[in-house]
Amino acid sequence: MPIIDSILSEIDFELATTLRVLERVPQEHLQWTPHPKSMSLGKLAWHIAALPARVQVMLREGEFDVTTARPAEMPDQPGAIPAALRRHMEDLRAYIATLSDEALKERFTLRAGPQVLQQIPKIGVIRTILMNHTYHHRGQLAVYLRLLNIPVPAIYGTSADEGPGAK
């Protein structure tokens, strides 16, 4: 079995959950932030949605310089953020499904200008920069929703708003 097969299964499973969280983000609160040092709700949601496109660039190029990275422009239409995640993940999924085990073992370099921050196999980019990073921010987004009194969807198991015992 190719290495990527188990990763693709996890991506498919987790994508549905991430979409449920993003679909709860209300347009009228996109500029809201829980703390001055925190990203706004919209920026955080857009970061999650844009991440697969960024990861695809990283994998194709084999390196990424954080000093030259520019965020993609956030859409302002309702529903555009979850739609962008679907589209970006579909494109990334199609690309990584073509990668051989050997290609997944190739080195990727993350840098800040001339300084090398990290060198990892490309499979590590998928696991850490795409998947773990997304799960981390999805958790933050769920907290933002709770603070705004927006029902939080079930992520693993039930939530206080969905499932048995929800009020």
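FYI, it's all coordinate maths here, none of it is from the lab. Just so it is clear, the structure is predicted and the values come from calculations on it, not from any experiment. Ideal geometry is used to build each Cβ from the backbone, glycine not excepted, and the neighbour counts take in all protein chains shown.
Amide H neighbours of F108 under 5 Å, counting only residues 5+ apart in sequence or on other chains, H built in-plane at 1.01 Å?
Residues meeting the amide H criterion: I120, K122.
Provide the net charge surrounding R107, with neighbours chosen by a C-beta distance below 13 Å and charges set as Lys +1, Arg +1, Asp -1, Glu -1.
Details: positive: K105, R111, K122; negative: E61, E63, E102, E106.
The answer is -1.
Would you mind telling me the antiparallel percentage of the DSSP bridges in the chain, rounded to 5?
Numbers: 6 of 9 bridges.
So the antiparallel bridges amount to about 65 percent of the total.
When semi-axes √(5λ) of the Cα gyration tensor in Å is calculated directly from the model, which label among (i) 36, 16, 14; (ii) 21, 19, 15; (iii) 29, 20, 14 fits?
(iii)
Using +1 at the C-beta of Lys and Arg and -1 at the C-beta of Asp and Glu, which of V143, A45, G163 has the Cα lying farthest in the positive direction of the dipole of the chain?
After comparing all options, I get V143.
Using θ = phi - 60° and the Karplus curve 6.51 cos²θ - 1.76 cosθ + 1.60, what whole-Hz ³J(HN,Hα) does each residue of region 100-108 get, with Gly and Pro shown as x?
Values, residue by residue: 6, 4, 5, 5, 5, 8, 4, 6, 10 Hz.
Tell me which aspartates and glutamates have Cα within less than 16 Å of K43's Cα, excluding those fewer than 8 residues away on the same chain?
Straight-distance partners of K43: E23, E28, E73, D76.
What is the gain in length, in nm to one decimal, between A103 and V143 on full extension, counting 0.36 nm per residue of separation less the C-alpha to C-alpha distance? Don't jump to the answer; show the numbers that get you there.
Working: separation 40, 0.36 × 40 = 14.40 nm, distance 3.71 nm.
That works out to 10.7 nm of additional length.
Considering only V66, L22, V55, whose Cα is most displaced toward the positive end of the charge dipole of region 1-125, charges sitting on Cβ of Lys, Arg (+1) and Asp, Glu (-1)?
V66
Looking at the chain as a GNM with Cα springs under 10 Å, which of Y156, Y135, Y144 has the largest mean-square fluctuation?
For the chain, modelled as a Gaussian network with Cα springs under 10 Å, the answer is Y156.
Compute the signed sum of charges (Lys and Arg +1, Asp and Glu -1) over the other residues within less than 13 Å, Cβ to Cβ, of D91. Kindly include the intermediate steps, with their values, before the conclusion.
Details: positive: R54, R60, R86, R87, R93; negative: E90.
Result for the local shell: +4.
Quick one: net charge of I120's neighbours, Cβ under 12 Å, K/R +1, D/E -1? Walk me through the numbers before you get to the answer.
Details: positive: K105, R107, K122, R127; negative: E63, E106.
Within the 12 Å Cβ shell, the charges total +2.
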